[in-house]
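**Q** Let me begin by handing over the structure; questions about it come next.
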Amino acid sequence: MLTVLIALPTLKIGFFADDYTLLAEIEHAVPSYAHQSPIDLYRFASGRTEVDQLIKDGPLPWFTDPGFKMHFCRPLTSLLFAIDHSLWGHFAAGYHVTSILLYVALVLCVGVLLRVALGVQHLGPHAATATLAALLFAIDALHSEPAGWIASRHVMVAAIPATLGLTAHVRFVRDRWRPGAWLAALGVIVALLGSETGLGAVACWLAFDAFALMPPNRSSARSRLLASTPVLAIAAAYLGLYSLLDFGAGGNLYVGPTSDPIGFLRAAAERVPTLVGSSVLGAITNVSPATGAAIGIAAVLALFVLYRLVRPAIADNERATLRWLLPGALLSLTISSAGPASPRLLLFPSIATAFFLAVLLYRAGQQLATSGSRQVLRVGLLSIVLLHLVFAPIAFVSGVGQLIHTARQEIEIFHTAGLEDSVVSHVIVLAAPDMQTAFYPAAIDQALAPRAVNAWHILSMAQSGHRLTRTGASSFRLDTIGGPAASNPVEETFRSSRTPLSAGEQIELSGATVTVVSVDGSVPRSLDVRVAVPLDDPGLALLVSRNNRLVRLVPPPINSSVEFPSSGGRPTG
């Protein structure tokens, strides 16, 4: 009931961000999505020909890496979206009902897993620990994104069978429950059909076989390896097919462990501690990678000190569960670190965090009566209570509120741009520093007003000011102004800093040509743009970001300039 109550506000979120792309794909709203299958909706861009077309027509920016790829194997999640679409169409609340049901099911599955892991059969201290852990998992503030963002629910679709499969494996190995042998394998397979995050089940399975306490006749290295053979075979087959069918991400801030192993290890060294710290604190830390890693390490050390103080009161079966569940979560996070830090990456690993915190909470109360380090215990206990029992549900609801605000803001940006029922067929976003104003209005246009705009081109996402100088009837120069050029991290969504642009590069777009005039390091400083029609043509819309809105820019006379500041304020010139 508590899970339903805390997730209920997600009904107000509506569609936003990639949700609109999924709608456009399943409705084949634009020619570039005509090939999309209802079980392959997470194919945002794949293959050089497809990427080139999405750059030419948009909405991929002209500076997108030619090797860009965003194609994920999520057939089960795609099919679920297709079923929702057949039932609800554009009624977003219906999709959110499905997400709420998924979240409730996941919380129940987590409770079952932890009770099985602890060997709980009756009410008692161990049942209390498992129940407290399920409660902490349910109200985890970081779960507001996967619970509330429709396109992001693939992590829940994967986590439910992953949790059930892991539960079956624990019962098979420990209790010799024979159905668990094939149910565990089935759970992992279904999880991987939901999302690549199902690899978290593989990580925990391997961690259980490697570190869990086993009966003497099954504790040898050979027995442990044999127990892991099914999941290793499943993982090998999955990764082989994943590579063969060209799934994955590339040419951007994603760093593949096979395509760039050195880069992956470097990214993991920063991202894993950051993700661990975020899980412990219950919030994504919006700081530099080095600072985030430092916070993560400090949080782990603090928990370790608390664990050492509480350890005498921790039951044997709780310690036995921690010795495989924590390494499994860490391995799962390492696998996930190919992408940028995000709350949805923490959904499955947070099972271990919730259980660890529950053990500390429950046993610290007992230890306070006998420990000499009472002050440290009180501070640690109070910190966990405040962060994960008091502030967590508030932050969960606040996170949902932020999603509601973002969804409404995106649709307002689209409507205030004035592109509906207009003669505009070509949009050029001159400067917009974020995805909400530069990119997602194009996705909304594709979903809600298909075929109205034939080309959507983003010129700059730089956070600096800009100057547009009209050099001819159908040409202009766009310069960044106001200090040294600096790369906007958002741009790495489309092009990695590992592949910088250079002066002289020319990109042919539908109805326009962009030439890089100069760069500052790897950041374009000046662009020459030639359009197929005069800049005053009613079918062409020049847009700039102003106060989190997209507004039309009136082209200046030839040889004149207009400036618009980095804050998105009113253009001058």
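**Q** Among [x] 1.08; [y] 1.23; [z] 1.01, which one is Rg/Rh (Cα atoms, Kirkwood Rh) computed from these coordinates?
**A** [z]
**Q** Related question: How high is the relative contact order of the chain, given as a whole-number percent (alpha carbon pairs under 8 Å, six or more residues apart)?
**A** 18 percent
**Q** So for H28, H466, fewest C-beta neighbours within 10 Å to most, what's the order?
**A** H28, H466
**Q** Within the chain, which is the longest segment containing none of the trypsin sites (Lys or Arg not before Pro) that sit in a DSSP loop and have at most 14 other Cβ atoms within 10 Å?
**A** 177-450
**Q** Moving to a separate point now. When F391, F72 are ordered from fewest to most other Cβ atoms inside 10 Å of their Cβ, what list results?
**A** Working: F391 17, F72 22.
Ranked by crowding around the Cβ, least crowded first: F391, F72.
**Q** Counting each DSSP H run of 4 or more residues in the chain as -39500 (n - 2.57), what helix-only mean residue ellipticity at 222 nm follows after dividing by all residues, to the nearest 500 deg cm²/dmol? Working shown, then result.
**A** On the way: 19 runs with 293 residues, N = 573.
The per-residue figure over the chain is -17000 deg cm²/dmol.
**Q** Net charge near L430: determine it from the other residues with C-beta under 13 Å of the C-beta of L430, scoring Lys and Arg +1 and Asp and Glu -1.
**A** Numbers: positive: R467, R470, R477, R546, R552; negative: D479, E563.
My count for the surroundings of L430 gives +3.
**Q** Would you calculate the separation in nanometres between label points at F91 and R323, each defined as 7 Å from the Cα along the Cα-to-beta-carbon direction?
**A** Modelled inter-label distance: 5.4 nm.
**Q** Give me the net charge for the shell around A203: Cβ to Cβ below 13 angstrom, other residues only, Lys and Arg +1, Asp and Glu -1.
**A** -2
**Q** Return, ordered by residue number, the residues of the stretch 284-328 whose backbone nitrogen is under 17 Å from a label point located 7 Å along Cα→Cβ of V376.
**A** 298-314, by backbone N distance to the label point.
**Q** At a Förster radius of 60 Å, what calculated FRET efficiency corresponds to the Cβ-Cβ distance of L386 and A473, to the nearest 0.05? Don't skip to the answer; put the middle values down first.
**A** On the way: r = 64 Å, r/R0 = 1.06.
My answer for the efficiency is 0.40.
**Q** In degrees from 0 to 90, rounded to the nearest 10, what is the angle of the helix 391-416 Cα long axis to the longest principal axis of the chain?
**A** Relative to the chain, helix 391-416 is tipped by roughly 20 degrees.
**Q** In what sequence do D57, D140 fall when counting other Cβ within 10 Å, fewest first?
**A** The order, fewest Cβ neighbours first, is D57, D140.
**Q** I've got another one for you. Under a 5 Å amide H to amide H cut-off, with H placed in plane at 1.01 Å, what residues pair with G248 once short-range neighbours are removed?
**A** Residues meeting the amide H criterion: H71, F72, C73.
**Q** Which net charge results for the neighbourhood of T515, defined as the other residues with beta-carbon distances under 15 angstrom from its beta-carbon, given Lys and Arg at +1 and Asp and Glu at -1?
**A** Value of the local net charge: -1.
**Q** How far apart, in nm, are two points set 7 Å out from the Cα along the Cα-to-Cβ line at V112 and at L265?
**A** 4.1 nm
**Q** Could you check the simple spin-label distance between D520 and E508, using points 7 Å along Cα→Cβ, in nm with one decimal?
**A** Those two pseudo-labels are separated by 3.2 nm.
**Q** Tell me whether the stretch 120-240 comes out rounded, prolate or oblate; compute the Cα gyration tensor, take square roots of the eigenvalues as a ≥ b ≥ c, and use a/c under 1.5 as the rounded threshold.
**A** Working: a/c = 2.33, a/b = 1.19, b/c = 1.95.
Since a/c reaches 1.5 but b/c is at least a/b, the shape of the stretch 120-240 is classed as oblate.
**Q** How much of the DSSP bridge set in the chain is antiparallel, in percent, rounded to the nearest 5?
**A** Bridges in the chain are about 80 percent antiparallel.
**Q** Give the separation of the Cα centroids, the stretch 128-162 to the stretch 352-407, in Å.
**A** Answer, in whole Å: 16.
**Q** For the stretch 219-367, rounded, prolate or oblate, judged on the Cα gyration tensor with a ≥ b ≥ c (square roots of eigenvalues), a/c < 1.5 rounded, else prolate if a/b > b/c? Don't skip to the end; give the middle numbers.
**A** Working: a/c = 2.68, a/b = 1.30, b/c = 2.06.
Oblate shape, in that a/c is at least 1.5 and b/c is the bigger or equal ratio.
**Q** Would any residue of the stretch 144-186 have its amide N under 11 Å from a label point 7 Å out along Cα→Cβ of S223? List them or say none.
**A** 174
Computed from the coordinates by the stated procedures, all read-outs in this text should not be read as laboratory data. Note that the coordinates shown come from a computational prediction; the quantities given were computed from them, not determined experimentally. Methodologically, a virtual Cβ is constructed for each residue, glycine included, from the backbone with ideal geometry; neighbour enumeration extends over all protein chains shown.
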